[in-house]
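Here the structure comes first, spelled out in structure tokens, and everything after it is commentary.
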Amino acid sequence: METRLLTILSRTLSAHVSLGKTRLETLCLLVTGIISTRTVNLSHIAAERPDRV
């Protein structure tokens, strides 16, 4: 589910923001992290990720 969400968000944002693939992926991860944790605190967002960040 998360991969699909990131793909859709990446496609949507790429039409409006000209970033490289990795920077766009990072932006998408930050946006989804902010939405899921309801905070902009990076340590809280990092704690929500299952992998090492």
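Please return the longest range in the chain lying between exposed loop sites, taking trypsin sites (Lys or Arg not before Pro), DSSP loop only, at most 15 other beta-carbon atoms within 10 Å, and leaving the sites out. Looking at the chain, 1-37 is the longest stretch - no exposed trypsin sites (Lys or Arg not before Pro) with at most 15 other Cβ atoms within 10 Å. Note on the chain: helix-only mean residue ellipticity at 222 nm, from DSSP H runs of 4+ residues weighted -39500 (n - 2.57) and normalised by residue number, equals -22000 deg cm²/dmol. Note on semi-axes √(5λ) of the Cα gyration tensor in Å: of the candidates (1) 18, 14, 8; (2) 25, 19, 6; (3) 20, 11, 10, the value calculated from this structure sits at (3). Counting only Cβ charges, +1 for Lys and Arg and -1 for Asp and Glu, the dipole size of the stretch 2-48 around its Cα centre is about 140 debye. To the nearest 10 degrees, how steeply does helix 21-37 sit against the main Cα axis of the chain, on a 0 to 90 scale? The helix 21-37 is inclined about 40 degrees to the chain.
Computed from Cα positions, the angle between helix 2-14 and the longest principal axis of the chain comes to roughly 50 degrees.
Every number here is computed from the coordinates shown, using simple stated rules; none is lab data. These numbers were taken from a predicted model, which means no experiment stands behind them. Neighbour counts are summed over all protein chains in view; Cβ atoms, including those assigned to glycine, are modelled from backbone coordinates with ideal geometry.
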